[in-house]
Amino acid sequence: MIVGLTGGIGSGKTTVAALFDAFDSVAVYIADTEARKIMNSSEVVRTQLIAAFGEESFTANLLNRTYVANVVFENKEKLAILNRIVHPEVKKDFQKFVAANAHKGYILYESAILFESKSTQQFDFIISVFVHLEERIRRVVARDNTTRKEVLSKMNNQWKGDKIVLLSNYIIHNYTLQETAASVAKIHKILTKKALHIL
């Protein structure tokens, strides 16, 4: 059974994914982390990124994340090009991950752009992490030492939180760690039972 985990920037997906990862029966795949690994290790991806965004895309053979992020967040067409280059490779990598973790109760795939990438059909259930807009902005400004304007620019490339919530099977309101951990435990218990039923 494969479960998708998503939520807008600043919602706390990483925290929620870590809470799920604490259960032995869950295998967690963090799409953004794996995508970065692929961009740094795949010669094919590297060549395509340099062709699309220039030599500045890499510094000392490592992805220049700041440069690429600035380019794509200001240009939706270039963001689409980036996704076309990277997403197929991430998909292949995830298929290997699923095969290697088939013995687990279920697999959790965490991605900020689950709906935007039109990949929801591969999941049996979808969990969304929800936090009100102003709180998300506050968290990202503090975390990344950035500005409100820059955060809003990034948010404009993601679906609105309420739209994501409407299309999800489970919602986690991530305001306090204690409440979030309780929600994760409750959902994990439900998903474990559903995984047994699916098997």
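The values are calculated or read from the model by the stated rules, or taken from the named source; none is laboratory data. No experiment lies behind these values; they were computed from the predicted model shown. All Cβ positions, even for glycine, are placed from backbone atoms using ideal geometry, and neighbour counts span all protein chains on display. We work out accessible area using only protein heavy atoms, side chains counted, and drop any ligands, DNA or RNA first. Shrake-Rupley method; radii C 1.70, N 1.55, O 1.52, S 1.80 Å.
Some observations on this one:
- Pairing each residue of region 92-115 that is among the basic types (Lys, Arg) with any residue that is open to solvent by 10 Å² or more (accessible area, probe 1.4 Å), provided the two are 6+ apart or on different chains, yields C-beta distances under 8 Å for Lys104/Ser25.
- Any hit, region 130-150, residues being under 15 Å from the mean Cα position of the chain (by Cα) and assigned to a strand (DSSP E or B): yes
- Residue check for Glu77: at pLDDT below 90 and not in a helix (DSSP H, G or I): no
- Subset of region 49-71 that is free of Cβ contacts under 8 Å to residues at least 12 places away in the same chain, of a type outside the set (Gly, Ala, Ser) and open to solvent by less than 50 Å² (accessible area, probe 1.4 Å) - its residue that is farthest from Ser153 (Cα to Cα): Ile50
- Residue in region 102-146 that is farthest from Thr66 (Cα to Cα), counting only those that are touching a helix residue (DSSP H, G or I) at 6+ places or on another chain (Cβ under 9 Å) and of a type in the set (Ser, Thr, Tyr): Tyr106
- In region 1-48, residue surrounded by the fewest Cβ atoms within 10 Å (Cβ to Cβ) [restricted to those that are assigned to a loop (DSSP other than H, G, I, E, B) and without any contact (Cβ under 8 Å) to a residue 12 or more places away in the chain]: Asp24
- The criterion of being touching a Ser or Thr at 6+ places or on another chain (Cβ under 8 Å) and either modelled with pLDDT of 95 or more or exposed (fewer than 12 other Cβ atoms within 10 Å of the Cβ) (or both) holds for Thr180.
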